[in-house]
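A short worksheet on the structure shown next.
Taken together, the values in this text are just the output of simple stated rules run on the coordinates, not laboratory data. Bear in mind the structure is a predicted one, so any value in this text is a computation, not a measurement. Cβ placement follows ideal geometry from the backbone for every residue including glycine, while neighbour counts extend to all protein chains displayed.
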Number of protein chains: 2
Amino acid sequence: MDLKNLIRDIPDFPVKGIIFKDVTPVILDPYAFKKSIDLMGKNFDFSRIDKIAGIESRGFIFGIALANKYNKGFVPIRKKGKLPYKTFEETYKLEYGNATIEMHIDAVNKDENILLVDDLLATGGTMNAAAKLVEKSGGKVYGITFLIELDFLNGRKKLENYTISSIIHF
Amino acid sequence: MDLKNLIRDIPDFPVKGIIFKDVTPVILDPYAFKKSIDLMGKNFDFSRIDKIAGIESRGFIFGIALANKYNKGFVPIRKKGKLPYKTFEETYKLEYGNATIEMHIDAVNKDENILLVDDLLATGGTMNAAAKLVEKSGGKVYGITFLIELDFLNGRKKLENYTISSIIHF
């Protein structure tokens, strides 16, 4: 089974000119989903990882699956205003304007090793902000794993201080 | 371990007068999370369930965990405008105004048995709309499972045609 064949192109979503990579066919097929999780975890030593953090909302899907598989706690990273308790926040630039993400202040403890998870690496702005949130908490970014990387956007450069894994390249 | 003790009350979130039930401490503890998933699944015969559907965003967390455990495909149900492919949509009333949720048209096939998942049953409006989405697709709501039920809001009455399970009652 080639996971890449299950990724569905959606032209002009969410805005005109963007070809969105739809991962829902992977999640709908339990064998494809299991394979994607196996591959997303295979470059990391989970005995050295304390917790898994995933970015809202598709990062929850892959992050929870990794957390379950390796018996780790899960830390949700969300858009501003969605997490109910006290948070650290990090603002980053988008093409037009800014965005802010948050993490609960008690989610990551000092010196804990965190694996960060999202479905797709594009420009790397959101994931770079997520890594800063982990570091603000005193935690360490042990690694970052994506299902998909859009190589032509060169997001890896923005994350060059971290160990990155991605499975499917476009 | 009493899961109820891990649910954190957040006064005045998201708006003044509401006491929000924060489930993030359950997810942060892998043993508590595993226990919650074991309990959320225990009243259902998974050999008769085809897919698990979860409601954005905390329903993704518990839904994916159940889908992984029982080797089922996962169907995301999201707020309007978030799913990239063609969708069915369902609009329902909130205290002030309306909300709309969507499901991809190819997520559920005719006569498939679907287990619906969310973290919390309040008034039942969102879950009732989710059940209608499954039925619009020709699927059957095999059951509905929540971690938490706010008994005093009587949401169960709105879902009286369905088999419902919930673990923690307030």
* Restricting attention to region A:5-48, which residues are within 16 Å of residue B:107 (Cα to Cα) and among the basic types (Lys, Arg)? -> A:8
* Asked: In region A:58-83, how many residues are surrounded by fewer than 21 Cβ atoms within 10 Å (Cβ to Cβ), free of Cβ contacts under 8 Å to residues at least 24 places away in the same chain and within 8 Å of chain B (Cβ to nearest Cβ)?
  -> 2
* Residues within region A:79-94 that are outside any loop (DSSP other than H, G, I, E, B) and not acidic (Asp, Glu), tallied -> 6
* Is one or more of the residues making up region A:31-41 within 12 Å of another protein chain (Cβ to nearest Cβ) and touching a strand residue (DSSP E or B) at 6+ places or on another chain (Cβ under 8 Å)? -> yes
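Quick grid of which residues meet (1) of a type in the set (S, T, N, Q); (2) within 11 Å of the chain's Cα centre (by Cα); (3) farther than 18 Å from residue B:29 by Cβ:
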| site | (1), (2), (3) |
| --- | --- |
| A:54 | no, yes, no |
| A:84 | no, no, no |
| A:92 | no, no, yes |
| A:95 | no, no, yes |
| A:124 | no, yes, yes |
* Asked: Which members of region B:115-141 meet the condition of being touching an Asp or Glu at 6+ places or on another chain (Cβ under 8 Å) and either among the acidic types (Asp, Glu) or closer than 19 Å to residue B:44 by Cβ (or both)?
  -> B:120, B:121, B:127, B:130, B:139, B:140, B:141
* Asked: Quick one: which strands (runs of 3 or more DSSP E) sit completely within region A:95-170 and have at least 1 residues that are on the phi < 0 side of the Ramachandran plot and among the basic types (Lys, Arg)?
  -> A:140-149
* Among the residues of region A:12-56, write down those that are among the small types (Gly, Ala, Ser) and under 24 Å from residue A:151 (Cα atoms). => A:17, A:32, A:36, A:41, A:53, A:54
* Asked: Using beta carbons and a limit of 6 Å, which pairs, at least six apart or on different chains, have the first residue in region A:92-107 and within 14 Å of another protein chain (Cβ to nearest Cβ) and the second one of a type in the set (A, V, I, L, M)?
  -> A:101/A:77; A:101/A:129; A:102/A:83; A:103/A:77; A:103/A:133; A:104/A:83; A:107/A:75
